[in-house]
Amino acid sequence: MANEIKIDCEITSIKYGLMATLAQSLATIAQSSLSIGLGMQLAIPAIVIRHLYGNDKSDFSISLTEASWYGSILFIIHPFGCFLSGVLQERFGKKRCMIFANVPSIVGWTLLYFAHSSLFLYASTLLMGFSIGVGAGAVHAYIGEITEPRLRGSMASITNTAALFGSLLGFILGSLFDWRTVALLSTLCPIICVSLIIFIPESPIWLIAKGKNDKAEKAMCWLRGWVDPETIKPELITLFHYNEVSGTIGTEGSNFRANDDNSLLSKLALFKEPSVYEPLKLIMIYFFTSYAINLTPGKPFIGKIMTEVGLRNYQSIYLIIFSVVQTIGSVILGLTIRLFRKRFLTLVTVSINSALLLLFSVYIIAMKKNYIESTEWIPLTIIGGIYFSGGCGAACIPWMLIGEVFPNKSRGIATGVCAGMSYLLLFVLTKSYLTVEMILSIEYTMLLFGCFGIFGLIYFYNYLPETENKTLLEIEEFFASNSKARR
């Protein structure tokens, strides 16, 4: 099986100095401001629900059904935004797509600030969800295309850490201010994001695909440490070869690629190719497993979960603690991914989270049957351990893979559709979480999630390849050759 999941290195990576690392880090940090906003948008439902659910002292309150819809509706609009993102990436580029993603975010935060009914809450979260959908695919595709293979994993982890930091920032603001003030302060994030993104270059691969070779050369010079064209010439030739092999070299001033029909139907037809649907299947199974073992469907209702397991006091502080440990885990991932690689970290963190969920289930059963007394430190440690372990691998790695595994000719539309499907899956899981918990009870819900993790672990052991420190061409050729071998 090891032979089946190994990607051979046939191309020697061109190595640059510290200035190249600095340039790519600055570009990554600038576009990661979009991920900070994404994290804040994911955190706000938990903050609002905690303030408004059954609260007669507020100027308006929401019921359990309204809380369930508000906590999950954020994800139902994502697929539409992701699909549009794929189209925008292909036509206008990753940079413009990321800038556009901030517009509905600003409107959404403004609507939330002025909300006086559940309908306004729904409208604001739909706009935020649309913003997340438009930006998510572009962010990860951009990182995959601008970074050197040796830095791609670390740079992608910065984006994931930024999203976790955004959630942490949201929970900190939620503990200091009321939810309306949090919404008002959060409007600054997309404004700052646009101000930063306008200074970074467009993806050289996209520029070459559009025949803008001079701009591609300038972008490469910027991204490799503001060097002269001769320094990046070997890599630029490699990118031309990559686009040529992919059939994606265009002509100056054209929005169409050579050897490629640019119509929407032709783009969708690419999903019939094994080199596209095989990695799509892999990533979707990864997302499903990741959501289950990281308690992502229950995140908007984390206050209810904590109450059921005996954590009734200091919930605002606990939310901050959970976000801190997950963010620390993501930082550790960024520092260690080049050493341990994605495959190993996936297997380790999926194993740990699955074991913790099974242990959590046993603890709740024992507590309810009065075999042991309710002790706050046990559920606090288990939930914190789940968030920390997830941050170290399983919660972040699928978002790294999404910008690597798809072929160049379909990367824009494929990353958009894949991100959209992941958010649609998250909507279904989040919307059904309370129903599943009512049917199974919380202890058997945790048991179910733990079993999902075990099945995912078996699948990843057999089918997850190592992509760390591999060029995009090597990864593309791996999936293409594996697809032919399975026929």
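The values are calculated or read from the model by the stated rules, or taken from the named source; none is laboratory data. Quantities reported herein were computed from a predicted structural model and do not represent experimental measurements. Methodologically, a virtual Cβ is constructed for each residue, glycine included, from the backbone with ideal geometry; neighbour enumeration extends over all protein chains shown. To get the accessible areas, we keep the full protein, side chains included, count just its heavy atoms, and leave off ligands, DNA and RNA. Shrake-Rupley method; radii C 1.70, N 1.55, O 1.52, S 1.80 Å.
Here the dipole of the chain is about 140 debye; that uses its Cα centre as origin and unit charges on the Cβ of Lys and Arg (positive) and Asp and Glu (negative). Annotation: extensible slack from K369 through V245 equals 38.3 nm (criterion: 0.36 nm per residue apart, minus Cα-Cα distance). On a 0 to 90 degree scale, rounded to 10, what angle separates helix 188-197 from the longest Cα axis of the chain? Result, in degrees: 10.
Annotation for the stretch 68-87 versus the stretch 369-383: alpha-carbon center distance of 36 Å. Take the Cβ atoms of S117 and L440, set R0 to 30 Å, and the FRET efficiency comes out at 0.35.
In the stretch 125-234, the convex hull through the Cα atoms has an average projected area of 8.5 nm², a quarter of its surface area.
You can think of it this way: the chain between S432 and R150 has 97.5 nm of extra reach, that is 0.36 nm per residue less the Cα-Cα gap. Quick one: plug the Kirkwood hydrodynamic radius of the stretch 331-487 (C-alpha pairs) into Stokes-Einstein at 25 °C, 0.890 mPa s, and report D in µm²/s. It comes out at roughly 138 µm²/s. Taking the square roots of 5 times each eigenvalue of the Cα gyration tensor of the stretch 300-362, largest first, gives ellipsoid semi-axes of 28, 16, 7 Å.
Taking amide H as placed 1.01 Å from N in the peptide plane, Y53 has its amide H under 5 Å from the amide H of I62, each at least 5 places away in sequence or on another chain. Straight Cα distances below 19 angstrom link K94 to the aspartates and glutamates E145, E148, E202, D214, E217, E252, E404, with same-chain residues fewer than 8 positions distant left out. Think of it as helices only: each DSSP H run of n ≥ 4 in the chain is worth -39500 (n - 2.57), and spread over all residues that comes to -25500 deg cm²/dmol at 222 nm. Protection proxy ranking, highest mean first, for peptides 224-230, 23-29, 286-292: 286-292, 23-29, 224-230, where packing is the per-residue count of other beta-carbon atoms within 10 Å, averaged.
Debye-formula intensities of the stretch 63-127, expressed as log10 I(q)/I(0) at q = 0.16 Å⁻¹, are -0.60 (one equal scatterer per alpha-carbon, no solvent). Tell me, how many Å apart are the Cα centres for the stretch 304-330 and for the stretch 122-171? Each part reduced to its Cα centre gives a spacing of 23 Å.
Going down the table (K212/K281; K233/K470; K218/K272; K233/K272; K218/K409), which pairs top 31 Å between alpha carbons? Violating the 31 Å limit, Cα to Cα: K212/K281; K218/K272; K233/K272.
Once C-alpha pairs closer than 8 Å and six or more residues apart are averaged by separation and normalised to the residue number of the chain, the relative contact order reads 26 percent. With the convex hull drawn over the C-alpha atoms of the chain, the volume per residue is 138 Å³. Once the Cα atoms are used to define both axes, helix 213-223 deviates from the longest principal axis of the chain by about 50 degrees. Between the residues P407, L42, M220, the greatest Cα displacement towards the positive end of the dipole of the chain, with unit charges on the Cβ of Lys, Arg, Asp and Glu, is found for L42.
Were the residues from V87 through T238 laid out at 0.36 nm apart, the gain over their Cα-Cα distance would be 51.8 nm. Ignoring ligands, DNA and RNA, what percent of the 1.4 Å accessible area of the chain is carbon and sulfur? Result for the chain: 68 percent of the exposed heavy-atom area is carbon or sulfur. Rolling a 1.4 Å probe over the protein heavy atoms gives the chain an accessible area of 40 Å² per residue.
Label separation (N313 vs L64): 2.7 nm, computed from points 7 Å beyond Cα along the C-beta direction. For the stretch 338-413, the set of trypsin sites (Lys or Arg not before Pro) satisfying both a DSSP loop assignment and a count of at most 13 other C-beta atoms within 10 Å is given as K369. Multiplying each eigenvalue of the alpha-carbon gyration tensor of the stretch 184-246 by 5 and taking the square root yields semi-axes of 30, 14, 8 Å, largest first, rounded to whole angstroms.
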